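S.K.: Sharing a structure, written as structure tokens. Questions coming.
The values are calculated or read from the model by the stated rules, or taken from the named source; none is laboratory data. Only a predicted model underlies this, so the values are computations on that prediction, with no experimental measurement involved. Note: ideal-geometry Cβ built from the backbone for every residue, glycine included; neighbour counts use all protein chains shown.
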Amino acid sequence: MPHFPTTTNGSSASSSEPRRCMLVTNPRTCSNLLVRILNLDKQPHTKHGGYHFLECFFVMYGLGAVHTPPSQWTEEQKNAVWEKYRSSIEALEKTATTEESDGTRIVFTKEHVETFTNPITLVNFALEIEDDQDAASSMTWDVGNHSASSPCSPLNQTIFPDSYLLSWSPVFLIRHPVRAFESIVCSMTDVLAADERFSNAPEEVKMALISAHLTLSWTRKLWQFYESKGVPSLIIDADDLVMKPQATTQALAEWVGFDKNALQYTWTEASDNERAAKEAAMRRMLSSLDASAGVTVDPSKLAKNVGSAEEQMPKWRKEFGDVMAEKMWRSIERTMPDYEYLMERRLRP
């Protein structure tokens, strides 16, 4: 595979412009492990960042927008939601903006797909309301010279204009829904309980906050969007990353243009002080990785050893309660076709 494809948006890209790569993930897909292996701080001629939109959903919660149907949002809520996404887009563009003199050849960011999905589409999904594409298209953002005035592809359910999406080369990271969704519910339950902003929230609000992450629909549609435009992309499965870390990440490094010699598969376990310095949510999300000294394989977390969602129900009912267990089961049944579709098209190390 070439390090730098000659086209990213249907026209020849200037060799002087850095390649923009976006790692598109869902929570609990081993994305932190992948980023640790890539060793981005040590990658030459690389500028990197991530999680530019993570706070948007929490701001929406503070506005009461997460648990309110978008059709009932007030003008104040709409304006505040729009402004938060606008400032987050600016933050992403600040990461992506480089000077020719600084020698940057690659810009790399990691983003959870639901965090840059159109917020109207996102909340409708979380509340199990039929999505209204006309309403979603009423909330748009220009990004630099990329105007939102042009109609978006039906496959583009993000906050970005089509032309802006096409300025990025995507890498998709997926994981079997039974494994990923169980981990999402477990970790987010802990995070919400520990965060004073959410600890006293009604259960239906917590359900909406968690439910927004229980899908691969947006990942599949975004992959199809790029495929329809003839833009190359990669799909990586978490089990391949864990079972064959060197083959998987060296293929990824070659595709992106990273220095394969900078990849790391061992590291120093985080100290107690380093863990304590992290914000509570990140400390929870990184707990396993920070306790490790390299890539390890836990057979109990692999997809090949998982049963069906139906088989997991007794355990989930006991651990999460009947309502959440039923929600997990329905979400997994609904998203398995998306996972299988993406798995068929993944990188095979």
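S.K.: Inside region 226-238, can you point out the residues that are surrounded by 22 or more Cβ atoms within 10 Å (Cβ to Cβ) and either of a type in the set (D, E, K, R) or touching an Asp or Glu at 6+ places or on another chain (Cβ under 8 Å) (or both)?
M.R.: Across region 226-238, the qualifying residue is only Asp237.
S.K.: If we scan region 113-121, do we find a residue that is under 24 Å from Phe225 (Cβ atoms) and surrounded by fewer than 18 Cβ atoms within 10 Å (Cβ to Cβ)? Working first, answer last.
M.R.: Within region 113-121, the first condition is being under 24 Å from Phe225 (Cβ atoms), and the residues that meet it are 113-121.
Restricting the remaining residues to those that are surrounded by fewer than 18 Cβ atoms within 10 Å (Cβ to Cβ) gives none.
Checked against the condition, which is being under 24 Å from Phe225 (Cβ atoms) and surrounded by fewer than 18 Cβ atoms within 10 Å (Cβ to Cβ), region 113-121 yields no hits at all.
S.K.: Exactly one of (1) more than 23 Å from the chain's Cα centre (by Cα); (2) among the aliphatic types (A, V, I, L, M); (3) crowded, with 16+ Cβ neighbours inside 10 Å; (4) part of a helix (DSSP H, G or I) is unmet by Leu252. Its number?
M.R.: (1)
S.K.: Can you name the residue in region 297-320 that is out of contact with any Phe, Trp or Tyr (no Cβ under 9 Å at 6 or more places or on another chain) and among the polar types (S, T, N, Q) and is also modelled with the lowest pLDDT among such residues?
M.R.: Of everything passing the filter in region 297-320, Asn305 is modelled with the lowest pLDDT.
S.K.: Please note which helices (runs of 4 or more DSSP H) are completely contained in region 172-247 and include at least 2 residues that are of a type in the set (Ser, Thr, Tyr) and either more than 21 Å from Ile37 (Cα to Cα) or in contact with a helix residue (DSSP H, G or I) (Cβ under 8 Å, 6 or more places away or on another chain) (or both).
M.R.: Working: elements: 177-194, 203-211, 217-228, 238-243.
Per the criteria, 177-194, 217-228.
S.K.: So, one more: Those residues that are at pLDDT 95 or above and outside any strand (DSSP E or B), I need them from region 37-55; list them, please. Break it down stepwise before answering.
M.R.: So the first thing to find is which residues in region 37-55 are at pLDDT 95 or above, and the list is 37-53.
Of everything in region 37-55, those that are at pLDDT 95 or above and outside any strand (DSSP E or B) turn out to be Ile37, Leu38, Asn39, Leu40, Asp41, Lys42, Gln43, Pro44, His45, Tyr51, His52, Phe53.
Each row is one residue, and each column tells you yes or no for (1) surrounded by fewer than 21 Cβ atoms within 10 Å (Cβ to Cβ); (2) more than 18 Å from the chain's Cα centre (by Cα); (3) among the aromatic types (Phe, Trp, Tyr).
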| site | (1), (2), (3) |
| --- | --- |
| Met22 | no, no, no |
| Thr29 | no, no, no |
| Glu55 | yes, no, no |
| Ala65 | no, yes, no |
| Gln77 | yes, yes, no |
| Trp82 | yes, yes, yes |
| Thr95 | yes, no, no |
| Ser101 | yes, yes, no |
| Phe108 | no, no, yes |
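S.K.: Exactly one of (1) at positive phi; (2) modelled with pLDDT under 90 is unmet by Gly230. Its number?
M.R.: Of (1) at positive phi; (2) modelled with pLDDT under 90, only one is false for Gly230: (2).
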